2 protein chains.
Amino acid sequence: MYEGIVQELIDELGQLPGIGPKSAQRIAFHILQTEKFDVTRLANVLLEVRDKVRFCEICGNVSEQPTCLICRDPRRDPTSICVVEEAKDVVAIERTREFKGLYHVLGGAISPIDGVGPDDLRIRQLMQRLADNTVQEVIIATDPNLEGEATATYLSRLLTTLEIKVTRLASGLPVGGDLEYADEVTLGRAFEGRREVAH
Amino acid sequence: MYEGIVQELIDELGQLPGIGPKSAQRIAFHILQTEKFDVTRLANVLLEVRDKVRFCEICGNVSEQPTCLICRDPRRDPTSICVVEEAKDVVAIERTREFKGLYHVLGGAISPIDGVGPDDLRIRQLMQRLADNTVQEVIIATDPNLEGEATATYLSRLLTTLEIKVTRLASGLPVGGDLEYADEVTLGRAFEGRREVAH
């Protein structure tokens, strides 16, 4: 155990995800001992984040304005909406440069075990966005796991009541991966979704 | 990439040791999205650490006072000093409850590759502490790696000029480990340092 405030810093850091007691200690000592490390800067960024960052009123993405950079961008295609679980998924998809439409961040996935039901997600807001018939395609891009699949199924059922094309991201073998290391579910999906080779 | 301040937070977090870009992103979103996470508290602890924490004037351990808890403790044995590389080594040794003497934190180890020579460590301060003949034993507890060994060798040569017992922590098989997984250097040391079994 350390003297007062050092232990407090270790405890605070240890509450962050993926940081155990050993890492928290290492980080605390880095902060203490590295002269070039600017503690004030980190502290100020944290406070600024608290004050400035909000969630986009339209899509739920993180934003410093009432609406996010993507929703404000007139070059984005307003006829397709990609539904994701978290704001970090938006960044992952943006990196592919494959998608030029808008997003909708649910804020999680349906998970009865964690007590997360459809009403805890931003599904009502999604339905409101679809009400004016601008949107022609909803791409469901929830995670390819139990909760993500449950959410996708729930959403696709809900959306069949509307005259909107609903698609789901393809499952299959990860590019650059080894077939022998693929789990059976992924491999099964890859078979299911097999395509004819052009010749 | 994220909007301004969120990316700044990710960048700042990514500068901490052991935190890559993915972890930094996960932590940033945890801070953003977890309502119960107290950003202000973490920021304030960081600022308090910057203002309060200094290094013990005697031993170089972290401290909120000019001298640390251990140096201030009259129950500690002033006749033996354990020399360690970093303040976190003090905590590790304190946990064993084996040592009742005082410490001396060098602030690193001799490493020509990293440009760290004897003058960059708190060796002069150690020699000053030994000048009044109170100390009878110096236990060298630098890390059992190349830099630690070099530092130990340098120190032990320096200390032979004084009438002080110099010891080094034992190397050998880690308790609870498997002999077959021990590397050859460790196993060699374990042979070298073998002791006769009492019977």
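The values are calculated or read from the model by the stated rules, or taken from the named source; none is laboratory data. Source: prediction; values computed, not measured. Note that we place each Cβ from the backbone using ideal geometry, even for glycine, and neighbour counts take in every protein chain shown.
Details
- Looking across region B:16-25 at every residue that is crowded, with 17+ Cβ neighbours inside 10 Å and within 8 Å of another protein chain (Cβ to nearest Cβ), the one that is nearest to A:GLY18 (Cα to Cα) is identified as B:SER23.
- Per-region count, region A:47-67, residues of a type outside the set (Val, Ile, Thr), out of contact with any Lys or Arg (no Cβ under 6 Å at 6 or more places or on another chain) and surrounded by fewer than 22 Cβ atoms within 10 Å (Cβ to Cβ): 10
- Filter result for A:PRO118 (in contact with a helix residue (DSSP H, G or I) (Cβ under 9 Å, 6 or more places away or on another chain), surrounded by fewer than 16 Cβ atoms within 10 Å (Cβ to Cβ) and without any contact (Cβ under 8 Å) to a residue 12 or more places away in the chain): no
- Residues satisfying the stated conditions in region A:88-114, i.e. touching a residue at least 12 places away in the same chain (Cβ under 8 Å), at the interface with another protein chain (Cβ under 10 Å from one of its Cβ atoms) and either part of a loop (DSSP other than H, G, I, E, B) or farther than 22 Å from A:GLU57 by Cβ (or both): A:GLY107, A:GLY108
- Residue match in region B:66-75 (condition: more than 7 Å from chain A (Cβ to nearest Cβ), among the β-branched types (Val, Ile, Thr) and free of Cβ contacts under 8 Å to residues at least 24 places away in the same chain): yes
- Residue within region B:39-47 that is more than 7 Å from chain A (Cβ to nearest Cβ) and farther than 17 Å from A:ASP38 by Cβ present: no
- Annotation: of all residues in region B:35-77 being assigned to a helix (DSSP H, G or I) and within 19 Å of the chain's Cα centre (by Cα), the one that is farthest from B:MET127 (Cα to Cα) is B:VAL49.
- Within region B:123-145, the only residue that satisfies the criterion of being more than 17 Å from B:CYS82 (Cβ to Cβ) and within 16 Å of the chain's Cα centre (by Cα) is B:ASN145.
- Residue check for A:GLY148: of a type outside the set (A, V, I, L, M, F, W, C) and not assigned by the TED database to the domain that holds A:PRO78: no
- Of the set (1) closer than 19 Å to B:ALA141 by Cβ; (2) out of contact with any Phe, Trp or Tyr (no Cβ under 9 Å at 6 or more places or on another chain), all apply to B:GLN65 but (1).
Matching residues to (1) surrounded by fewer than 12 Cβ atoms within 10 Å (Cβ to Cβ); (2) at pLDDT below 90; (3) within 23 Å of B:GLU98 (Cβ to Cβ):
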site: B:ILE123; (1), (2), (3): no, no, no
site: B:GLU137; (1), (2), (3): no, no, yes
site: B:SER171; (1), (2), (3): no, yes, yes
site: B:LEU179; (1), (2), (3): yes, yes, no
site: B:ALA190; (1), (2), (3): no, yes, yes
site: B:HIS199; (1), (2), (3): yes, yes, no
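- Failed condition for A:ASP38, given (1) touching a Lys or Arg at 6+ places or on another chain (Cβ under 6 Å); (2) at pLDDT below 90; (3) not aliphatic (A, V, I, L, M): (1)
- Some residue of region B:145-166 being surrounded by fewer than 17 Cβ atoms within 10 Å (Cβ to Cβ) and within 25 Å of B:SER63 (Cβ to Cβ): no
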